[in-house]
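S.K.: I'd like to ask some things about the structure below.
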Amino acid sequence: MNSSVIWAVVIGMAVVNFAIRFPSIAILSRTELPAWAKRWLSYIPVSAMATLVVGGVVRPDGRWLGPLENPYLWAAAVTGVVYWRLRSFLGATVVGVICFLAFTALLG
């Protein structure tokens, strides 16, 4: 594959993605949604992120690890507690990386 084919595929995917998403965004931006719909839609980003994170934490590298031998799980738990207490994304990220390295050394 040459670079022009790759760029054509990337641009084609961008155009299709835009064509699929734009109509609903354009329509919804001009209408006032009921409170229950706004509340319901506000959970979508959180649930999408949780789905991505839980899959990587519970089954790293596509295999199941027991809770006592899973450094991903322990680091994620500590990261969640740090974020809950401090409300600092950067702080939780730094603590999570350090904990992951420590748990990997201890459990690995």
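What follows is calculated from the coordinates using simple rules that are stated; it is not laboratory data. Source: prediction; values computed, not measured. Note: ideal-geometry Cβ built from the backbone for every residue, glycine included; neighbour counts use all protein chains shown.
S.K.: Rg (Å, one decimal) plus Dmax (Å, integer) for the alpha carbons of the chain?
M.R.: Rg and Dmax of the chain, Cα atoms, are 20.2, 54 Å.
S.K.: Using the Cα centre of the chain as the reference point, and only Cβ charges (+1 on K/R, -1 on D/E), how large is the resulting charge dipole? Debye, rounded to the nearest 20.
M.R.: Working: 8 positive and 3 negative charges, 67 e Å.
Dipole magnitude for the chain comes out near 320 debye.
S.K.: Here's another thing I want to ask about it. Along the charge dipole of the chain, pointing to its positive end and built from +1/-1 on Cβ of Lys, Arg, Asp and Glu, which listed residue (THR51, PHE100, TRP40) has its Cα farthest out?
M.R.: TRP40
S.K.: Quick check: Cα centre of the range 46-108 to Cα centre of the range 4-18, how many Å?
M.R.: Computed from Cα coordinates, the inter-centre distance equals 34 Å.
S.K.: Please give, to one decimal in nm, the separation of the simple spin-label points placed at LEU101 and PHE22, each 7 Å out from Cα toward the Cβ.
M.R.: Calculated label separation equals 4.6 nm.
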